[in-house]
Structure formats: structure tokens, C-alpha cells
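The structure appears below as C-alpha cells.
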Amino acid sequence: MAVYTHTDPDRYWASLAGERIHRSESLELYGLDRALVAALVARLDRRMTMDLSLTDGALYLTLGESYIPGR
């Protein structure tokens, strides 16, 4: 399983220390590119459709005609 967080992944992982997590050895934790998150927040609307894809560790977000790359 992969978890993507908008916060520092090392700090998030540390906050889970001591917690019981099923199959924790297979858990992958990634931090989202802050520029990607900021660009998304600037375009958020109450009702919207977006496409999000992951290719070779790179995230690609499409909002209507807008394309936002990130890592």
C-alpha cells in the first residue's frame, strides 16, 4: 500500500511509531510536492473533476484544461 501525505513523510512515519499497522513492512510512504499541493489548492472548487496519475515516481494532475506536474 502507498500513502501520500502533504506533510513531511519522515515526521509522519515517526508519528506512527508504536502503532499496530497491518503489514507495515509493505507500506510505502511518500510526501507530495508542496508546489503541486499549492497549485491544487489555488484551483479547488466545490465540485470538480480531476485526473491523477503516477508514472515512474512522478505525479501528473489534470484539472480541466490545466496540467500540473509534481513529485
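Computed from the coordinates by the stated procedures, all read-outs in this text should not be read as laboratory data. These numbers come from a predicted model, not from an experiment. Ideal geometry is used to build each Cβ from the backbone, glycine not excepted, and the neighbour counts take in all protein chains shown.
Among the GluC sites (Glu not before Pro) within region 21-71, those in coil by DSSP and having at most 10 neighbouring Cβ atoms inside 10 Å are Glu65. With angles folded into 0 to 90 degrees, how steeply does helix 34-43 sit against the dominant principal axis of the chain? Use alpha carbons for both and round to 10. For 34-43 against the chain, the angle is about 40 degrees.
The orientation-averaged shadow of the Cα convex hull for region 1-68, equal to a quarter of the hull surface, comes to 5.9 nm². Placing unit charges on the Cβ atoms only, positive for Lys and Arg and negative for Asp and Glu, gives region 1-70 a dipole magnitude near 300 debye about its Cα centre.
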